[in-house]
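As structure tokens, the structure follows; a few thoughts come after it.
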Amino acid sequence: MMIYLDNGATSWPKPQEVKLIMNEALDSGGNPGRGGHGVSMEAARSVYRVRELLSKIFGINKPTRVVFTSNATQAINTALFGILKSGDHVITSSLEHNAVTRPLNVLENRGVKVTRISGRSGNEFSLEEYAAAFRDNTKLVVTLHASNISGVLLPVEQIGEIARGKGVPYLLDAAQTAGVYPLDLNSLPVDILAFPGHKGLLGPQGTGGLVIGDNCSLRPFIYGGTGSLSELDSQPDFLPDALESGTLNGVGIAGLGGGVKYLLAQGMDNVRKREQQLCQSLIDGLLHIPGVKLYGGTDAATKAPIVAFNLGEIDSMIVGDMLDEEYGIISRAGLHCAPHAHRMLGTIEQGVVRLSPSHFTTEVEIGETLKAVAKVSKELL
Ligand SMILES: Cc1ncc(COP(=O)(O)O)c(C=O)c1O
């Protein structure tokens, strides 16, 4: 028996639709946009249909402004390196995943100035400190939407409004919220959104992308063949080709389309509410277990579907290993690719045990998990 509670890393299981559509794409063949023959044209149409689906759920009216990448990390790098250059200033938060922190560190070494807005109690984002951080050369604001450690949401509406007021684009890392919360660029003051295809959107690994608002222009991050304007020595300047060099993951993108269709049929709100209910059951149960320390508050309805805890001062890896080896419960323990956020939470040594259910998770599985944590607590504390 396995109880999979690591959907924050990648969602599992995938809906049947995803597997079926990927099989069909493998059987159909074709390299999207490469060659004028029917097979490649159909592969390109299939990719375009997924752009259309994604542009609908992210509230933009030009499917060509959905750019596919291999994951959220590549999407974020494409945006950061496509906008920032030496002498520019960027504002970010201290809760960021290494997908943002590490490229920003590289850019800092190349002459970009970085301001990191720290939280006061480990989770909060100081809007006052942020509003005061803008300079004449501020070219970008970049933050995550939800912490991948605790699930806590940043006040992205206010962050975006303040950036808009200053005429600075806002890049949102929606790794933990794409497919979970409605993210409509018509109403949300976000200019560029980076998403993974393999988490909340229920697609396969190797998928992700950027949604680029009308007023944003990015330099290419990778150069090469696009199947368009092949007579030119230079990269095409139109989207998505400018930012999509090399063969696309056509099979994965088809699967991502299957995941999004499934999600829309279930209703994103229904899926999120079920996940939040499961998280609330986890939180309520954990609160009764001796030695449990919870991170990110106790109201699951206000967070991404993530529950983070520790048992006393025990190394989270020990707890995670015991849950896996003795009870078949798959959590994620240790440090979660966000060292600054761990420092703010005071968990840089201990890490945290992260439980992230999906709507496929059952209440019975949550009950089993709580029983297992109680036993581990009794054994270790
Ligand atoms: C907040 C956040 N940003 C970025 C990423 C990177 O996503 P990917 O693995 O798709 O590159 C993750 C992955 O867990 C994440 O949680």
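The values are calculated or read from the model by the stated rules, or taken from the named source; none is laboratory data. Remember, it's a predicted structure, so these values are computed and weren't measured experimentally. Every residue, glycine among them, receives a Cβ derived from its backbone with ideal geometry; neighbour counts consider all protein chains shown.
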Answer with yes or no whether Leu172 is assigned by TED's automatic domain parsing to the domain that holds Gly206, at pLDDT below 95, within 12 Å of the ligand (Cβ to nearest atom) and buried (at least 23 other Cβ atoms within 10 Å of the Cβ).
-> no
Is it true that some residue in the stretch 343-354 is in contact with a helix residue (DSSP H, G or I) (Cβ under 9 Å, 6 or more places away or on another chain), among the β-branched types (Val, Ile, Thr) and closer than 26 Å to Gly203 by Cβ?
-> no
Would you be able to say whether some residue in the stretch 225-242 is at negative phi and assigned to a helix (DSSP H, G or I)?
-> yes
Failed item in (1) more than 14 Å from the ligand (Cβ to nearest atom); (2) among the small types (Gly, Ala, Ser); (3) at pLDDT 95 or above; (4) buried (at least 20 other Cβ atoms within 10 Å of the Cβ), with Ala72 passing the rest = (1)
Inspect the stretch 188-197 for any residue being modelled with pLDDT under 95, more than 29 Å from Gln277 (Cβ to Cβ) and either touching a strand residue (DSSP E or B) at 6+ places or on another chain (Cβ under 7 Å) or not polar (S, T, N, Q) (or both) and give the result as yes or no.
-> no
Are any residues in the stretch 117-135 at pLDDT below 95 and either part of a helix (DSSP H, G or I) or not hydrophobic (A, V, I, L, M, F, W, C) (or both), and if so, which ones?
-> Ser118, Gly119, Arg120, Ser121, Gly122, Asn123, Glu124, Ser126, Leu127, Glu128, Glu129
Given (1) surrounded by 13 or more Cβ atoms within 10 Å (Cβ to Cβ); (2) touching a residue at least 40 places away in the same chain (Cβ under 8 Å); (3) in the same structural domain as Gly179 (by TED's automatic domain parsing), index of the condition Asn215 fails = (1)
Note: among Gly36, Gly59, just one is free of Cβ contacts under 8 Å to residues at least 24 places away in the same chain and assigned by TED's automatic domain parsing to the domain that holds Ala132, namely Gly36
Sort out which residues of the stretch 1-33 are touching a residue at least 24 places away in the same chain (Cβ under 8 Å), under 25 Å from the mean Cα position of the chain (by Cα), in a helix (DSSP H, G or I) and surrounded by fewer than 19 Cβ atoms within 10 Å (Cβ to Cβ), and write them in order of number.
-> Glu17, Lys19, Leu20
In the stretch 97-115, the residues that are closer than 17 Å to Ala133 by Cα, touching a residue at least 12 places away in the same chain (Cβ under 8 Å) and either assigned to a helix (DSSP H, G or I) or out of contact with any helix residue (DSSP H, G or I) (no Cβ under 7 Å at 6 or more places or on another chain) (or both) | Leu104, Val112, Lys113, Thr115
